[in-house]
Amino acid sequence: LGWRSRIRLGRDYYVRLDTNDYSVDPSVIGQLVDVTADLHRVRVRAAGRLVADHPRAWARGMTITDPVHVERAARLRQQFQQPRPVRVADDLARDLGDYDRAFGLTGEVS
């Protein structure tokens, strides 16, 4: 018995059950997650892995946040904002003779 739903986790990394919001591990943002709830717990799983487990809140309009989720979100945000090294690929130049050979062309003009 209980409540089940499957949703895609949004960028705010919270799921809503009734009128309450529960935090989820932000590493699964954009993925489908399975939300289950009973009278006592709200659990969220992504690909079978438990990514949130909260006591069920019965008050209305509450936001239940796990401090670990907030820390992980801050780390992911910081990593995303770091400049990424640009790779210079010198090996992109190709001998045009490769194309001639691939298409069976010879150097002779008729």
To the nearest 20 debye, what charge dipole does the chain have about its Cα centre, counting +1 at the Cβ of each Lys and Arg and -1 at the Cβ of each Asp and Glu?
-> 780 debye
Please name which of Ala57, Gln79, Val68 has its Cα lying farthest along the dipole of the chain towards the positive end, using unit charges on Cβ (Lys, Arg +1; Asp, Glu -1) and the Cα centre as origin.
-> Ala57
Of all the C-alpha pairs in the chain, what % are more than 18 Å from each other?
-> 62 percent
Roughly what angle does helix 67-81 make with the longest principal axis of the chain, taking Cα atoms, 0 to 90 degrees, to the nearest 10?
-> 20 degrees
Sorted by average packing, counted as other Cβ atoms within 10 angstrom per residue and highest first, what order do 69-81, 44-56 take?
-> 44-56, 69-81
Of the convex hull drawn through the C-alpha atoms of the range 12-55, the volume per residue in Å³ is 67 Å³
Rel. contact order, % - alpha carbon contacts under 8 angstrom, at least six apart, the range 1-71 = 32 percent
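Every read-out reported here was derived from the displayed coordinates using simple, explicitly stated rules and does not represent laboratory data. Here the structure is a predicted model, which means the values were calculated and not measured. Note that each Cβ is placed from the backbone with ideal geometry, even for glycine, and that neighbours are counted across all protein chains shown.
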